[in-house]
Amino acid sequence: MLYREAGQFKTSYAADQQVFPIRQDRIGVAAALVVAFLVVPLVANQYWLSAILTPFLIFALATIGLNILTGYAGQLSLGTAAFMAVGAFAAYNFVLRVPDMPILLAFALAGVSAALIGIVFGLPSLRIKGFYLAVATLAAQFFVVWALTHFPWFSNYSTSGVISAQKMEILGFAFDTPVRKYLLALSIVAVLAIAAKNMVRSSVGRAWMAVRDMDVAAAVIGIRPLPTKLLAFAISSFYCGVAGALYAFAYLGTVEPEGFNLDLSFRILFMVIIGGVGSILGSFLGAAFIVLLPIFLNTMAPLLEHRLGLQLPAGLTSNLELIVFGSLIIFFLAVEPHGLARLWQIGKEKLRLWPFPH
Amino acid sequence: MMTAAERRSGDVILKLENISLAFGGVKALSDITFDVREHEVRAIIGPNGAGKSSMLNVINGVYHPQQGTITFHGKVRHGMNPHDAAAHGIARTFQNIALFKGMTVLDNIMTGRNLKMKASFVEQAIWIGRARREELEQRAKVEEIIDFLEIQHIRKTPVGRLPYGLQKRVELARALAAEPSMLLLDEPMAGMSVEEKQDMCRFVLDVNEQYGTTIVLIEHDMGVVMDISDRVVVLDYGRKIADGRPDEVRGDQAVIDAYLGVAH
């Protein structure tokens, strides 16, 4: 790295157990937060805020949610979009049906609703593992979308099943412009990301990782497998539920159940794989990568055509996205299953020793 | 002069009576009775497939025997699961190292103290009050164990990168972190070099003497067993064939036959 921890000796366990034990990391994170909160709203235009940065934050939140379940607790899930759908529709209904519902409370309750659904679909995890559990969560995916479409009550009897998110207001302050929506999403994501980081570095996080790595040994040192897994399902679904509510309220404005399909679940799973399984930082990297890649390809392809004087067949650019995604997934699964976050870490370790090999 | 056994051993704390365990038609253990006294080093030996590991799994609740009673600290236990066993102060290590591969040494050992942590996940998420305090208290305890087992230099290393001998030591550390009253060791010295075995013997005896922990161990190295254990129980084909002090067991004809084979 450009910096190292030389000279920063820890004299207490409290100092050693900080989230970021190296001073430069703390400065870096603080700087990133300052940029995100103060600089970005000033310099970014509407397109960047509403079409790139806000969805990036929301996907990062959902990715943290899935990472808690899959990366930390080791329970593979294909139902992420379903839990987001529960969050979106629950927030809509809480605001619609409860008079004077504060929006943040509605988001929290949306998360809790998703958590309850998550617990129900997490119950099979005591008995089944791996791919079979993934199939069980696939049931959640199809069941939730079916239920939201089939019972018109959820979409307040709208003929098309589409819901329009209500206005967001906190203490009379309306979050109606792209900048304000971005800041609201950023605040919620920042708080929940710190909470996730705290959980995974304390005993609940260790219990998840213990169950993931060696469940018999975990049971023998006194970790109950079922409550541990169900807690992971609940918290993961809570994060996905809040992300779903933000997806409807701060990003799209109008959503329908079909929008939360299996494709979305897979997208978020790809973010986890590419970003890094079992890493909070990786959740942000993966989300950024997958949100930015199509935009990058769409900008680069015409440029490439122009430079090389080629005429790419129509529709190739959109398929190019899928091709690049597919190859990246294969690359990461085969070469670096721990994703961008691990590559970042390896890079840091190499640079610490550079120019010596070891 | 008192022997080591008399000096250390106290009352019977674990009594196993007529334990039988079968998997379908395969009888793993039949009608086994023995006891463990407080503070002693109790060895279970026997040829491969004799049922030694099954015996440990019965003691800490991984397996439930079809017949027999287990009395621990004067209480008869029925259908105890591993979590209850851990809560009652029974810790163990495994024959094939069962560490949490993705975690550092420190986190592995901290996991051994999870039962002592009472803060809810909400407190831990906010990282205030009890959660923060507990984390520091438990860290201090864990550091004592790290000092005791001399693994300070690998504290922050992911366990997957460690050599075999050190992994075994980290597993012992994780078991000790629970401050158990009884420690079950399943072949703690298997596959180790002579130096590593000597280190491990020293740690086992130190644990026994300093913390007064009762130790039940399975081991194949007869030299080790004869040197460090107070009493030995010998199993063969799921049956108990001998029980007594190391020198008694060593001279027992049934034991010699079981190990060396006998002409039929």
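The values are calculated or read from the model by the stated rules, or taken from the named source; none is laboratory data. Because the structure is a prediction, the values reported are computed rather than measured. FYI the Cβ positions are ideal-geometry reconstructions off the backbone, even for glycines, and counts take in every protein chain you see.
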Self-check item: Exclusive hit being surrounded by fewer than 22 Cβ atoms within 10 Å (Cβ to Cβ) and among the basic types (Lys, Arg), set A:ARG206, A:ARG180
Solution: A:ARG180
Practice problem: Could you please give the count of residues in the range A:237-286 that are within 23 Å of A:ASN156 (Cβ to Cβ) and of a type outside the set (S, T, N, Q)? | Solution: 21
Quiz item: Which one of these is in a helix (DSSP H, G or I), out of contact with any Gly (no Cβ under 9 Å at 6 or more places or on another chain) and not β-branched (Val, Ile, Thr): B:GLU123, B:GLU143?
Solution: B:GLU143
Quiz item: Does A:VAL19 meet the test of being farther than 22 Å from A:ALA207 by Cβ and surrounded by fewer than 24 Cβ atoms within 10 Å (Cβ to Cβ)?
Solution: no
Exercise. Would you mind telling me which numbered condition in (1) touching a residue at least 60 places away in the same chain (Cβ under 8 Å); (2) within 30 Å of B:GLY261 (Cβ to Cβ); (3) in contact with a Leu (Cβ under 6 Å, 6 or more places away or on another chain) B:ARG92 fails?
Key: (2)
Exercise. May I ask you to verify whether B:LYS197 is farther than 22 Å from A:ALA210 by Cβ, more than 10 Å from chain A (Cβ to nearest Cβ) and in a helix (DSSP H, G or I)?
Key: yes
Quiz prompt | Looking only at the range B:156-193, and only at residues there that are assigned to a loop (DSSP other than H, G, I, E, B) and within 14 Å of B:LEU99 (Cα to Cα), the one that is nearest to the other protein chains (Cβ to nearest Cβ) | solution = B:THR157
Self-check item: Members of the range B:107-137 found to be more than 7 Å from chain A (Cβ to nearest Cβ), closer than 22 Å to B:HIS88 by Cα and not hydroxyl-bearing (Ser, Thr, Tyr), listed by number
Solution: B:ASN108, B:ILE109, B:ARG113, B:LYS116, B:LYS118, B:ALA119, B:GLU134, B:GLU137
Quiz item: Which ones in the range A:334-358 are surrounded by fewer than 13 Cβ atoms within 10 Å (Cβ to Cβ) and aliphatic (A, V, I, L, M)?
Solution: A:ALA334, A:VAL335, A:ILE346, A:LEU353
Quiz item: Does at least one position in the range A:273-287 carry a residue that is within 15 Å of the chain's Cα centre (by Cα), outside any helix (DSSP H, G or I), surrounded by 24 or more Cβ atoms within 10 Å (Cβ to Cβ) and more than 14 Å from chain B (Cβ to nearest Cβ)?
Solution: no
Quiz item: Which pairs have Cβ atoms under 6 Å, sit 6 or more apart or on different chains, and link a residue in the range B:65-85 that is within 12 Å of another protein chain (Cβ to nearest Cβ) to one that is of a type in the set (Val, Ile, Thr) and outside any strand (DSSP E or B)?
Solution: B:PRO82/A:VAL220; B:PRO82/B:VAL62
Practice problem: Report those helices (runs of 4 or more DSSP H) wholly inside the range A:64-164 carrying at least 3 residues which are over 16 Å from the mean Cα position of the chain (by Cα) and hydroxyl-bearing (Ser, Thr, Tyr). | Solution: A:130-150
Practice problem: Identify, by number, the condition in (1) without any contact (Cβ under 8 Å) to a residue 40 or more places away in the chain; (2) in contact with a His (Cβ under 6 Å, 6 or more places away or on another chain) that A:GLY276 doesn't meet. | Solution: (1)
Practice problem: Looking only at the range B:89-106, decide whether some residue is at the interface with another protein chain (Cβ under 7 Å from one of its Cβ atoms) and in a helix (DSSP H, G or I). | Solution: no
Exercise. Please enumerate the residues belonging to the range B:27-60 that are of a type in the set (Gly, Ala, Ser), modelled with pLDDT under 90 and surrounded by fewer than 22 Cβ atoms within 10 Å (Cβ to Cβ).
Key: B:GLY49
Quiz item: Is it true that some residue in the range A:16-39 is in contact with a Phe, Trp or Tyr (Cβ under 8 Å, 6 or more places away or on another chain), within 13 Å of another protein chain (Cβ to nearest Cβ) and closer than 30 Å to A:LYS129 by Cα?
Solution: no
